[in-house]
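Everything on this sheet refers to the single structure shown next.
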């Protein structure tokens, strides 16, 4: 039997002014790992640079019972392009020396795969590939994720990767590996739908108490600031039975207690998707707490759904309102109408939720927004008894807002992706200035009166 080929998967560090583990896991990379496991000739190794639970991290990191928590961080030199931003810049994740030690303990891989989410997190990719080259020489490196999908030319010219993947990698990763390694025994399977793709290889994670799940991919809405339609051309949903089976498996196999839904449109086509899913979770008495960090479509929350959320133990509810400014809503192709949020919160309260448990996302810094409009949106959420959560605008390549900034000459089409950072925008381009952000943040975080 031929020797097995070692393949190394790496989730890089985050370089940013701030970073927090908001149920953050490398789900795309774990899907790729599950596909690679289809080939018995591969032996997988995994390094998670964002691992908060590595036993060699001596510092006790602040964490919440729902799975969220702080990353370890080390302040680093701020890139020159960010010199106008008077904030500290850090590398978030495991210590550099620990990463180097882990590389030393690995056999030379035949192939390295990396993923990167935010376009402005690419410095973590660059450092990982630089260190890989020093340790293993010219091993083939494949880079996938949101960053190379939205900015393939930048990724090809600056990351150091040999192959840049756009879109969901599981659709063609095996044929590409077969080509790179010249391994004719490698299957050429292509998983064209989320339903047919094997469940993510969560066994690679050190801590499995909190795990993300994807029940659908894409979003049919085309909001002016959102890249979801660019990342996934079609909207698809998995079968309810498959999702429930995966959740049951996670709870039984790994004793997972927190599950975060990564869907961009979890509530769409609710009668054949989320409602049956909630009913099965309740019927099977699945012992987990559920969270919705990506935001829920307010219009879809009626009395039945609110009641099922409560019975199914959905603890963290984040609703996507964006704004109450009609000009902003029209411009962004909003998914909400007047009165939708009020109705949704009423339904949730009647189902047993305290209004203070309901989080409402509001956009801040969107081109054309003014401070008074944002203030009024914050006050409106407070008047409803819910909690405003500020979602900072960042110029995402390919979106309508991005195109408008390019057309108006506010942003160069070849600008360094570091300038896409949500905390950079107010210092360099925005009409809502840093001092305004601090004021608005204070208003949003004020205690909610019972």
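The values are calculated or read from the model by the stated rules, or taken from the named source; none is laboratory data. All values reported here derive from a predicted model rather than from experimental measurement. Cβ sites come from the backbone with ideal geometry, for glycine too, and all protein chains shown count toward neighbours.
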Original post:
So is residue 276 part of a loop (DSSP other than H, G, I, E, B) and either within 22 Å of the chain's Cα centre (by Cα) or surrounded by fewer than 19 Cβ atoms within 10 Å (Cβ to Cβ) (or both) or not?
Top reply: no
Original post:
Looking at (1) touching a strand residue (DSSP E or B) at 6+ places or on another chain (Cβ under 7 Å); (2) closer than 26 Å to residue 415 by Cβ, which is the only condition residue 212 fails?
Top reply: (2)
**OP:** Answer with yes or no whether residue 373 is surrounded by fewer than 16 Cβ atoms within 10 Å (Cβ to Cβ) and out of contact with any strand residue (DSSP E or B) (no Cβ under 7 Å at 6 or more places or on another chain).
**Re:** no
Subject >> Residues of region 255-267 that turn out to be in contact with a helix residue (DSSP H, G or I) (Cβ under 7 Å, 6 or more places away or on another chain) and either surrounded by fewer than 22 Cβ atoms within 10 Å (Cβ to Cβ) or outside any strand (DSSP E or B) (or both), as a count >> reply: 5
Subject >> So residue 441, is it within 26 Å of the chain's Cα centre (by Cα), surrounded by fewer than 19 Cβ atoms within 10 Å (Cβ to Cβ), touching a residue at least 40 places away in the same chain (Cβ under 8 Å) and within 22 Å of residue 319 (Cβ to Cβ) >> reply: yes
Original post:
Does residue 20 fit the bill of being out of contact with any helix residue (DSSP H, G or I) (no Cβ under 6 Å at 6 or more places or on another chain), touching a residue at least 40 places away in the same chain (Cβ under 8 Å), surrounded by fewer than 20 Cβ atoms within 10 Å (Cβ to Cβ) and over 30 Å from residue 427 (Cβ atoms)?
Top reply: no
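Looking at region 76-87, can you tell me whether even one residue there is farther than 17 Å from residue 201 by Cα, buried (at least 19 other Cβ atoms within 10 Å of the Cβ) and within 24 Å of the chain's Cα centre (by Cα)?
So the first thing to find is which residues in region 76-87 are farther than 17 Å from residue 201 by Cα, and the list is 76-87.
Narrowing further to those that are buried (at least 19 other Cβ atoms within 10 Å of the Cβ): 82, 85.
Now restrict to residues that are within 24 Å of the chain's Cα centre (by Cα): 82.
Yes, because at least one residue in region 76-87 is farther than 17 Å from residue 201 by Cα, buried (at least 19 other Cβ atoms within 10 Å of the Cβ) and within 24 Å of the chain's Cα centre (by Cα).
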Original post:
Can you name every residue in region 52-75 that is in contact with a helix residue (DSSP H, G or I) (Cβ under 9 Å, 6 or more places away or on another chain) and either crowded, with 16+ Cβ neighbours inside 10 Å or modelled with pLDDT under 95 (or both)?
Top reply: 54, 56, 57
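I need a count of the residues in region 300-339 that are part of a helix (DSSP H, G or I) and modelled with pLDDT of 95 or more.
Residues meeting the conditions: 10.
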Subject >> Residue satisfying all of: in region 279-299; under 16 Å from residue 226 (Cβ atoms) and outside any helix (DSSP H, G or I); farthest from the chain's Cα centre (by Cα) among these >> reply: 297
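Report yes if residue 366 is touching a residue at least 40 places away in the same chain (Cβ under 8 Å) and either within 27 Å of residue 218 (Cβ to Cβ) or not assigned by TED's automatic domain parsing to the domain that holds residue 213 (or both), otherwise no.
yes
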**OP:** Could you tell me whether region 181-196 includes any residue that is in contact (Cβ under 8 Å) with a residue 40 or more places away in the chain, buried (at least 18 other Cβ atoms within 10 Å of the Cβ), under 13 Å from residue 263 (Cβ atoms) and touching a strand residue (DSSP E or B) at 6+ places or on another chain (Cβ under 6 Å)?
**Re:** yes
Original post:
Assuming residue 223 fulfils every condition listed in (1) at pLDDT 95 or above; (2) farther than 17 Å from residue 27 by Cβ; (3) surrounded by 19 or more Cβ atoms within 10 Å (Cβ to Cβ) apart from one, which condition is it?
Top reply: (1)
